[in-house]
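A short reminder: the numbers here are calculations on the coordinates, not readings from a lab. Keep in mind it's a predicted model, so treat the numbers as computed, not measured. As a convention, Cβ positions derive from the backbone with ideal geometry for all residues, glycine included, and neighbour counts pool all protein chains shown.
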Amino acid sequence: MDALRDAAGDEGGAGAAAGGAGDTGARDTARPGDTAARDAARRRDAAVRAAVEQGLLDSEPLVCLLDTAGIRASAAALTGAFAAATAPGTPVLHAFAAKASPLVPVLRLLADCGLGCEVASAGELALARAAGIPAERIVLDSPAKTTGELREALALGITVNADNHQELERLDALIAAAPTRSPIGVRVNPQTGAGAIDALSTATATSKFGIGLRDPGARERLVRACLDRPWITRLHAHSGSQGLPLPLIARGVRELHALAEEINAAAGRRQVDTLDIGGGLPVNFASDEETPTYAEYADALREAVPALFDGSYGLVTEFGRSLLAKHGTVLARVEYTKATGGRPIALTHAGVQVATRTVYAPAAWPLRILPYDAKGLPKTGPPVAQDVAGPACFAGDLLATARDLPELAPGDLIAVPDTGAYFFTAHYGYNSLPRPPVHGFTADPPGPVRFTPVRPAQTTTEIVAESGGALRDALL
């Protein structure tokens with residue numbers, strides 16, 4: 001935890017949205033002069049070398065690394081972009097989407113950077129509280145909140161965004177029984193359309209999230225529901241995530257702002273005082289360059305909704321992937337190599353358990369593969385088209401197919417960058433493969449690279465316990 005605390009100082013095809021599938025693993029493909037990207041690549045190289053030298057891979061063939069300086073830089077870029085865009089004194093809460101990296105030390109680090117937390121389950125709420133995040137900086141979103149979850153949030157004073165009219169009726173009863181200091185909002189679906197990845201587009205005509213604004217009579221019913229409940233003081237919209245172009249995200253925010261103006265005009269007062277505009281800034285998976293930037297996102301919002309930043313409304317954001325993705329790296333040993341049907345295959349310990357989306361939807365989620373030798377030094381040599389496979393027992397467990405890389409050999413390492421959100425942070429227990437250890441690192445020259453545990457490796461004893469080991473005779 002010390003290194004985490006002390007490290008201060010999507011339009012186009014799905015593949016294009018998530019990163020270029022043809023990437024060859026080059027380490028520095030950012031624009032000339034992009035110092036931040038080059039510095040991040042240098043820190044990653046230093047961390048890989050240090051992981052070998054310090055023995056992180058001696059007992060574990062797979063480790064995951066988080067660049068704390070990079071995380072802090074992303075948090076500063078977010079807060080700085082909105083501070084520059086908003087009128088002085090405007091309340092702004094940046095609530096990190098816990099699902100992107102549900103690790104308590106990460107939530108604690110981001111809280112130290114001034115961020116709150118957006119949670120979507122009782123488990124995520126427990127993580128946020130364990131990280132010490134105050135209730136007033138937590139936002140609860142979920143399309144299926146139980147009565148118990150709502151009651152707990154209201155008792156703690158956590159912001160609640162209701163998903164539908166039935167949930168509003170449930171809140172009617174809970175608030176009547178026990179008044180709350182929790183800000184209450186309503187999630188709306190602007191129904192502005194899908195991006196490049198359907199599964200991550202939440203503003204489609206039939207999305208499961210929120211109250212659709214374009215269904216017949218829906219807008220009028222929602223306005224009336226708000227007027228009947230003066231305790232509704234917020235509106236929330238989130239159009240999706242990876243694969244959404246900035247203009248489409250901004251269009252959803254414009255619809256949200258217009259609805260707030262309509263409700264306030266109908267109420268004859270400023271009933272809605274805060275807009276939760278969600279997150280969804282897409283991530284570049286094709287190189288080390290961080291693009292689009294938060295400043296570009298703020299510019300897109302300012303162009304589409306000029307009044308958004310004038311101080312009329314407090315703002316909440318819910319970014320996840322864009323804060324963490326670029327600062328995580330999977331590091332795995334090559335166990336064996338072989339050739340089948342004339343194609344070389346490198347069998348590694350990184351597969352579906354740490355890169356589930358890539359394995360099951362490779363066209364939408366291609367990842368770069370960076371080769372290193374057994375000493376942790378960047379590997380060079382003539383490119384050879386080869387598969388990079390994981391350890392799981394099914395044929396599709398591949399991180400890359402026919403990828404041009406220097407020919408890998410047993411004992412070499414592969415690094416898989418851009419995996420700090422939704423990849424190794426969301427373990428998939430196929431084949432009872434254990435959760436790998438996660439280490440934060442600082443790599444500030446001239447000092448040595450320092451690692452600190454963020455999540456320990458899962459033991460086989462823990463796997464047995466989770467799988468009912470203490471209940472082995474239960475079904476006899």
Exercise for review: Neighbouring Cβ atoms within 10 Å as the yardstick, rank 209, 394 fewest first.
Suggested key: 394, 209
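Which order do 427, 349 fall in if you start with the one that has the fewest other Cβ atoms within 10 Å?
Working: 427 18, 349 22.
The fewest-first ordering by Cβ neighbours comes to 427, 349.
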Practice item. Could you list 435, 219 in order of exposure, starting from the residue whose Cβ has the fewest other Cβ atoms within 10 Å? Key: 219, 435
Check your understanding: What is the antiparallel percent of DSSP beta bridges lying wholly in the chain, to the nearest 5?
Key -> 50
Exercise for review: Please state the charge dipole magnitude for the chain, taken about the Cα centre, from unit charges on C-beta atoms (+1 on K and R, -1 on D and E), reported in debye and rounded to the nearest 20.
Suggested key: 320
**Study point:** Amide H contacts under 5 Å for residue 404, placed H, 5+ residues apart
**Key:** 386
Review point. So, how do all the Cα-to-Cα distances of region 70-324 break down into 5 Å bins, in percent, from 0 on up?
Key: 1, 6, 14, 18, 21, 19, 13, 6, 2, 0, 0
Revision key, fill the gap. For residue 87 and residue 169, extending 7 Å from Cα along the Cα-Cβ vector and measuring point to point gives, in nm, a value of 3.9
Review point. Using the alpha-carbon centroid of each, what span in Å lies between region 210-271 and region 346-380?
Key: 41
Point to revise | Karplus-derived 3J(HN,Hα), 6.51/-1.76/1.60, for each residue of region 67-75, Hz, glycine and proline x | key: 8, 5, 5, x, 4, 4, 5, 5, 4
Exercise for review: Please report how far the C-alpha centroid of region 64-115 lies from that of region 288-328, rounded to the nearest whole angstrom.
Suggested key: 12
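List the relative contact order of region 70-324 as a percent without decimals, with contacts defined as Cα pairs under 8 Å and 6+ residues apart. Could the numbers behind the result be given before it?
Details: 500 pairs, mean separation 55.3, N = 255.
Here the relative contact order equals 22 percent.
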**Study point:** region 374-437: trypsin sites (Lys or Arg not before Pro) in DSSP loop, at most 14 other beta carbons within 10 Å
**Key:** 375
Point to revise | For peptides 153-161, 80-88, sequence by mean Cβ density within 10 Å, most packed first | key: 153-161, 80-88
Check your understanding: Just how large is the dipole of region 317-417 about the Cα centre, in debye to the nearest 20, putting +1 at every Lys and Arg Cβ and -1 at every Asp and Glu Cβ?
Key -> 140
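Let's see if you can work this out: charge +1 on each Lys and Arg Cβ, -1 on each Asp and Glu Cβ, no other charges. What is the dipole magnitude of region 70-324 about its Cα centre, in debye to the nearest 20? Don't skip to the end; give the middle numbers.
Details: 23 positive and 28 negative charges, 99 e Å.
So the dipole magnitude of region 70-324 works out to roughly 480 debye.
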Study note, to complete from the structure: Short to long, in 10 Å steps from zero, the percent of alpha-carbon pairs of region 391-449 per bin is 14, 38, 37, 10, 1
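Over region 373-469, what relative contact order in percent results from Cα pairs under 8 Å that are six or more residues apart?
On the way: 100 pairs, mean separation 18.7, N = 97.
Relative contact order here is 19 percent.
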Review point. Roughly what % of DSSP beta bridges within region 70-324 run antiparallel, to the nearest 5?
Key: 5
